[in-house]
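K.L.:
Pasting a structure here, questions to come.
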Amino acid sequence: MLTKRPKHPRGSAMPLKSVPNERLRGAIADAGLTIEGLAEQVGLDPKSVYRWVAKGVVPRRGAAHKTADLLGLAVGFLWPELDMPTKQATKLEVVDIYPHRAETPRRLWLDLLTSTESELWLFANASLFLPEQNPESIELIRQKAENGVNVRILLGDPDSPEMALRGREERLYEAIPARIRMALTYYSPLVGAPGVEFSLHRTCLYNSIFRYDDQMLVNQHVYGTYGYMAPILHLRHIRGGDFFDMYVNSFERVWETALPITESQFWSTFSAANLKAQVSV
């Protein structure tokens, strides 16, 4: 279940907060129920109902309708998002647009990472900028995984022809595979870490996708243009919209075809070099 809804205004880089559902809180009280009592009648864990109230989490439609029926209220009163037409909800999923990734507030990346509680996905060719601009990010990711966050990292296979082609397209040639190898070295402490799944892809990268629970930063790629010059979409999942889910589905399709990093040529070479360095010390 998605767990965060941002309180910050459009375009703000302030820390992200949850918005309590006061309508639901009042309806539960008016019905003479407690969160635990409602959860029992709906057939859910009280923690789920607590998140609906305290964090503004929108439940699945089935649970929402059952809850509304029990409370004698319309679903749209308790959760207006569930009454929105798809087109309207999809428009509301766009939090902000940055014409270039380089113009994205650095603090935003850390705020999103720090606030993540359930799903953290990184999908790019290299994503070298993240650990270079935010050196603490690798340790933060490890800690998130250790605390139960589902971490999935999906970077390019530097030995694949697809990455060589990307180098020619951007006129960086061998620099693209080299940047990926450098990035993988930064991210290598996460390989085998509890809660972290780490794979390499061999696809034509249309967009880099960075998911933080129900928020997402999508780096749009433009042929012949460097990633830092391409636009960024900041999205927030809203029930009834399909913008956010489109990128979720894209990630899943690539994940299905990706190879665990430990089975790659890169990891074999990297591990051998590390072993040789340790022996020679």
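The values are calculated or read from the model by the stated rules, or taken from the named source; none is laboratory data. Computed from a prediction, not measured in an experiment: that's the story for all the values here. As a convention, Cβ positions derive from the backbone with ideal geometry for all residues, glycine included, and neighbour counts pool all protein chains shown. These area figures cover heavy atoms from the full protein model, side chains too; ligands, DNA and RNA do not enter into them. Shrake-Rupley method; radii C 1.70, N 1.55, O 1.52, S 1.80 Å.
K.L.:
How much length is gained if the chain between residue 185 and residue 54 is pulled fully straight, taking 0.36 nm per residue apart and subtracting their Cα-Cα distance, in nm to one decimal?
P.N.:
43.1 nm
K.L.:
Using Cα pairs closer than 8 Å and at least 6 residues apart in sequence, work out the relative contact order for the stretch 145-231, in percent.
P.N.:
31
K.L.:
Please report, as a whole percent, how much of the solvent-accessible surface of the stretch 164-281 comes from carbon and sulfur atoms (probe radius 1.4 Å).
P.N.:
Carbon and sulfur atoms account for 56 percent of the accessible area of the stretch 164-281.
K.L.:
Using alpha-carbon positions, what is the distance between the centroids of the stretch 233-254 and the stretch 158-227, in Å?
P.N.:
The stretch 233-254 and the stretch 158-227 have Cα centres spaced 19 Å from each other.
K.L.:
In the stretch 107-198, which GluC sites (Glu not before Pro) are in a loop and have at most 12 other Cβ atoms within 10 Å, using DSSP for the loop call?
P.N.:
In loop regions of the stretch 107-198 (DSSP not H, G, I, E or B), the sparsely surrounded GluC sites (Glu not before Pro) are 136, 174.
K.L.:
Show 84, 216, 246 ordered by accessible area, largest first, where the area counts protein heavy atoms only and the probe is 1.4 Å.
P.N.:
Ranked list, largest accessible area first: 246, 84, 216.
K.L.:
Still on this structure: Residue 94: accessible area at probe 1.4 Å, nearest 10 Å²?
P.N.:
It works out to around 20 Å².
K.L.:
Compare 126, 175, 29 in a GNM of the chain, Cα atoms joined below 10 Å, and give the one with the largest fluctuation.
P.N.:
The residue with the greatest mean-square fluctuation here is 29.
K.L.:
Can you order the peptides 60-67, 179-186 by their average number of other Cβ atoms within 10 Å per residue, highest first?
P.N.:
Put in order of decreasing packing, that is 179-186, 60-67.
K.L.:
Here's a follow-up. Within the chain, count lysine pairs with alpha carbon atoms under 24 angstrom apart where the residues are 8 or more positions apart or belong to different chains.
P.N.:
23
K.L.:
Further question on the same structure: So for 228, 187, 223, 173, what's the accessible-area order with a 1.4 Å probe, most first?
P.N.:
So, going from the largest accessible area down, we get 223, 173, 228, 187.
K.L.:
Hey, what did the chain get for relative contact order, percent, Cα under 8 Å, at least 6 apart?
P.N.:
Reported as a whole number, the value is 21 percent.
K.L.:
Let me ask something additional. For a quick check, take a GNM of the chain with Cα springs below 10 Å and name the residue from 236, 107, 142 with the largest mean-square fluctuation.
P.N.:
107
K.L.:
Still on this model: Of 201, 237, 221, which has the largest mean-square fluctuation in a 10 Å C-alpha GNM of the chain?
P.N.:
221
K.L.:
In whole angstrom, how far apart do the alpha carbon centroids of the stretch 24-87 and the stretch 121-139 sit?
P.N.:
What the calculation gives is 37 Å, centre to centre.
K.L.:
Something else: Does anyone have the angle between helix 243-257 and the longest principal axis of the chain? Alpha-carbon axes, 0 to 90°, nearest 10?
P.N.:
Helix 243-257 sits at roughly 40 degrees to that axis.
K.L.:
Which shape class applies to the stretch 129-255: rounded if a/c is under 1.5, otherwise prolate when a/b exceeds b/c and oblate if not, where a ≥ b ≥ c are the square roots of the Cα gyration tensor eigenvalues?
P.N.:
It is oblate, given that a/c is not under 1.5 and a/b is not larger than b/c.
K.L.:
Can you tell me, using C-alpha contacts under 8 Å and at least 6 residues apart, the relative contact order of the stretch 90-188 as a whole percent?
P.N.:
Taking the mean separation of contacting Cα pairs over the length of the stretch 90-188, I get 28 percent.
K.L.:
Given only helices, namely DSSP H runs of n ≥ 4 each adding -39500 (n - 2.57), what is the per-residue ellipticity at 222 nm of the chain, to the nearest 500 deg cm²/dmol?
P.N.:
-13000 deg cm²/dmol
K.L.:
I'd like to check one number: the per residue accessible area of the stretch 134-281, probe 1.4 Å, reported in Å² as a whole number.
P.N.:
49
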